[in-house]
């Protein structure tokens, strides 16, 4: 067998090749490469930190089975989820030999060439696990051995990696009905990692959520307030926000299909809520209620200071038979064209000028960046733009974002980077890629004399650290 | 105190850094840098030229208070318009100490890093006012002194700057009801500057304009034709177009929210007009009448030869409370997704093949450039594409425009550059930036052997000068 | 007269200029430049190959009169189609002096600077006809002489060029009612060129097609199945697909205005069909029936294995008076904003997970690439993305496509290149341009250490050859 190919990750990787610019990019990157990580929006399970001895399992458990970024691509090429060990709800047996799963992954690793997933994975393999060779059909099992051996070590427990990754703050995403017991356990353990919850009320706000009535009962239970009518429901939500704040939360998170905002009369809101409790709400009721509740959540944010995050526009579970068999988050959420200018007007006219309110906007429709989002953020004091979301969290996606947004909104109306991931071990790679994008973007402005090096250093620092901390009130 | 940082504007600034390409870019730029400025679309007040002793006031009067490009950005970061001296309609007292306004501006000048406003301002400060240092909190007052001293000199009167800026033609934008008395005064003064009006009938065409009935009365008055019924209204508009033509106008300008075009029956048009006169028109009436009047304006243009400009898609005065307190043009106009293919079909089927008709199209939805506008301009003889408008009048915006439009429409179906500004002193900086974009774009085509240098020189000249002059019939 | 300027086409043309990257691009390009051409989607008339002595006529017959890419641009600048010899349906006399037509073309050849048409034409002139000088007003007649002389030679017959162009497979596009007699003639002739039909049923599926009733009668006739009711119609279509398959077809092609898909009840489909047969179908009937038939065609593809191509979103014949006088394909088809996520859901939920089904998606709305098409292709096993279509088959269009699609969908969920042309002699130039785009794109990834050279070579080969062959089942 030929010598396996080297996994080559030079320090100046990804930067544009023109030597004068590349030299500046590297210089700027070195200014931010070792800054602590601010992770203000993500999906790591808090129990990962609550249990000091938590283990990630096998290499397949870590890299493949829970990561829809990875398995959607394999699925697109005809590999069934069962072959990858993804658990089926209907009891279909799935592959349990993790080495076989890993081999399929390695056999198809070429699919990730030039993709952000591929760039993150290579970085994780090299930087976190010390892998020296490219993952291929031939190297698959040897690399599995190496990772498996590392994962057995105490240095690869989540808390140890938190230190090694130099994370300063990491937030989770928690339903409004969560009792936050894992967060409490982290606090009680005396461990100094800063893990904070985020208030995500989608399941109780979208009245068309499967099981919504049960969610409301649960809301009553955890809040101690009867949420069975609209007034109680609002009070219960306010109670939960306070509970989240007490556990350190600084933000809320909202993922409706549409960013429509409305301000319904108390009567209409009550009537829709009552219909929903009786299981009689129409799709139009659901849309109007969601739009109204976005405005209500903005009101609460203006009052309690929690930063409001809004990321609409993903049509969830597009593949219905896959959803029926495997549930949500199977790589089948597909973006929709999204309209912000008219849809946000009601909310912004009520709270957009309010100095106590912050609204961080995300999109999976990148056409809105230059057309709607940057003009809105370049005007309304409440608005900051979140980093490029999901499919756009990539080299080209982030580069296009900087070019589409910065001229109109200014870097300083953006909210820095966030990794938005459930793949904990990928966090440093994701931040590193973002810092490289920004170093490269700013180096181009410097070499073209648009800004000078002094400005660029400040901007790089802001993009990598300051802006996220400030926008999310994490001081 | 440390030596203040230099404001550094090298001759080869902004060009891409690859040395072979940059050399060609500089060579091309030098071919156009000193060509006279054709300014066929803008918003400078004609009284600036009517009064030979017109003074711009203080540095804050010149750079901040009237310029929504500047103050929207400061507003987005929580600075109130009152702090910037922007006059409020409701009598709220506003800052009158212009040095204090200037200091706030300087303290936040970092917001403009990498923005077109920042690039124009730096160029104006250096090239027009001879400023040598970056504007910062520390240098603010000294730079104020320098500008104030310059503004007191006769060389900084508008007419003197017109010569210095090497402007060949500058058009203003004037309501249909204007008597053009300032233009008449300019002519009467014997000054040789070529300042021409542009016919902008929005206020009399959009029947939902506040005060529309008064505007129609005013139209009757200035035209000497009773515009109280639809037939008279049409004749009055034709009369005003003739009056504008006599004062040198070569173009009209139309800014509806939507580019929808319709051709209503005479009966329907009359009926809507009559309802509007009685204050009974519906929003749908207003939309249909605007759409119809675009077609009517195209008919008139085909007859009288005035070039028709259409720039739809901005939702004006998005921030209602700000509008109530400060009026329009407060930096709160937000773009909308815009559809041209179906919307323009009625107008184009009537006049798009007419050799006497020119329609210059603008957009604030850049997705339409490659999808709709370039294919339309690459087919219909009447259509030329205006330069990237508003938020897209920027390095990246213009570069993306060239890349999105040129392959399908050809450079030769574009209408050259226009500065579209009320900030008179920024005009040379805006044209310079556009000429640099084009030199850079063409140099890339040359170095890649897509075109040769001979072609590139002709194209650079066309983009900087010939195309605007020809499209707007300014020979 | 000065020496005419050289037509300069260096081997390393079009690549980005940075020397390290350019060197890699050239190396990658050399790996694919001489691979055989796979042409799985195009519009060359099969009779070109059925007649071994077919001649292209004059230079104007070859380059101008049949090519709407060329004459639309001249038309946009006020040249009438009659001046270009384009035949009018209404009997208007048109120019018959082909040297005069050629002179007009040469006089306006500057319009094509920087356009893909210009790049293809230059390549054709140099590589196919050995022209040494730029086409200008001055060189027009001499170049005409040279081309005319070449076209008279046997080496410039279509079959000879097929060998010279190194075409491996070329497919035509044929109506469902075609008897494929020219394909039969090619087979019968014993010539070894691989010319295959593609099943394009638009005229019998879109019930609002002019003459639809006649097309259905013709369908009955060629299929031998009475297509007068819905059940027979479906059987007749299935019969035609089998007939196409027997003649070597591997794919179908569908060009509705909208990509909407529906699954109507048998009753509704029958009822609409019956109304259409009586000439009583409404526009809504037509839209619903087209949407339903897309789903039906997917069902048939899942059964018979023909690859389904879908390219919606062009509003055909936008210029109605031109259409009335000259017919379709006059350069007046204009793209529409297109929605895929919701529109394709019905079809994909039925067949998107089916391993026997392939759906190749095209668009003329490039905003959908990153927002909808790449996410869909990065999930559904059935979907592959076609190359950038029509106006986007250009240097910038293809480059933007790679950047918008590859990170989310992977190169390996694309269907390679196709030339989509009726301009047979332009085929090598079109493939060459695409191969250069990909070499340039991949060289950028290599020089930035995103991928290594080994990966890049495989990816270049896939993009130039393997992916098209595999997606279209042309093994």
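Computed from the coordinates by the stated procedures, all read-outs in this text should not be read as laboratory data. Computed from a predicted structure; not experimentally measured. Cβ atoms come from the backbone with ideal geometry, glycine included; neighbour counts cover every protein chain shown.
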Centroid-to-centroid separation of the stretch C:213-237 and the stretch B:83-104 [C-alpha atoms, Å]: 77 Å
So what's the gap between the Cα centers of the stretch C:309-331 and the stretch B:32-82, to the nearest angstrom? 46 Å
So the label point goes 7 Å from the Cα of residue B:454 along Cα→C-beta, right? Which residues of the stretch B:23-42 then have their backbone N under 20 Å from it? B:24-25, B:27-29, B:31-32
If labels are modelled 7 Å from Cα along the Cβ direction, residue B:190 lies from its partners in the other copies at nm distances, smallest first, of 9.5, 9.5
Separation of the residue B:23 and residue C:235 label points, Cα + 7 Å toward Cβ, nm: 7.6 nm
Measure out, as a whole number of angstrom, how far apart the alpha-carbon centroids of the stretch B:354-407 and the stretch A:130-163 sit. 53 Å
Tell me, what does the Kirkwood hydrodynamic radius of the stretch B:272-324 come to in angstroms if you use every pair of distinct C-alpha atoms? 13.5 Å
Under the helix-only model (-39500 (n - 2.57) for each DSSP H run of 4 or more, divided by the residues of chain B), the mean residue ellipticity at 222 nm, to 500 deg cm²/dmol, is -13000 deg cm²/dmol
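Calculate the FRET efficiency for residue B:280 and residue B:2 from the Cβ-Cβ distance with a Förster distance of 56 Å, rounded to the nearest 0.05.
On the way: r = 68 Å, r/R0 = 1.21.
That pair, residue B:280 with residue B:2, gives E of 0.25.
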Which of the three applies to the stretch C:217-310, rounded, prolate or oblate, going by the alpha-carbon gyration tensor with a ≥ b ≥ c and a/c under 1.5 meaning rounded? oblate
Between residue B:51 and residue C:31, take the C-beta separation as r, use R0 = 45 Å, and let me know the FRET efficiency to the nearest 0.05. 0.05
With chain C reduced to its Cα atoms and the Debye formula applied, log10 I(q)/I(0) at q = 0.10, 0.12 1/Å amounts to -0.79, -1.15
For the residue pair residue A:258 and residue A:356, what label-to-label distance in nm results when each label sits 7 Å from Cα along the Cα-to-beta-carbon direction? 3.1 nm
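Report the full-extension gain for the segment residue A:43 to residue A:321: residue separation times 0.36 nm, less the Cα-Cα distance, to one decimal in nm.
Additional length available on full extension: 97.6 nm.
Mind jotting down a quarter of the surface of the convex hull over the alpha carbons of the protein assembly as shown, in square nanometres, one decimal?
Mean orientational projected area (the protein assembly as shown, Cα hull): 54.6 nm².
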Checked the stretch C:353-419 against the a/c 1.5 cut and the a/b vs b/c comparison, axes a ≥ b ≥ c from its Cα gyration tensor; verdict prolate
Principal axis extents for the stretch A:168-250, Cα atoms only, whole Å, descending order, please. 40, 22, 18
Can you pull the three principal axis extents for the Cα set of the stretch B:56-153, in Å, largest first? 39, 31, 21
Rh by Kirkwood over Cα pairs, then Stokes-Einstein D for the stretch C:330-452 at 1.002 mPa s and 20 °C, µm²/s: 138 µm²/s
When the Kirkwood radius is taken over all Cα pairs of the stretch A:182-340, what Stokes-Einstein diffusion coefficient follows at 37 °C and 0.692 mPa s, in µm²/s? 194 µm²/s
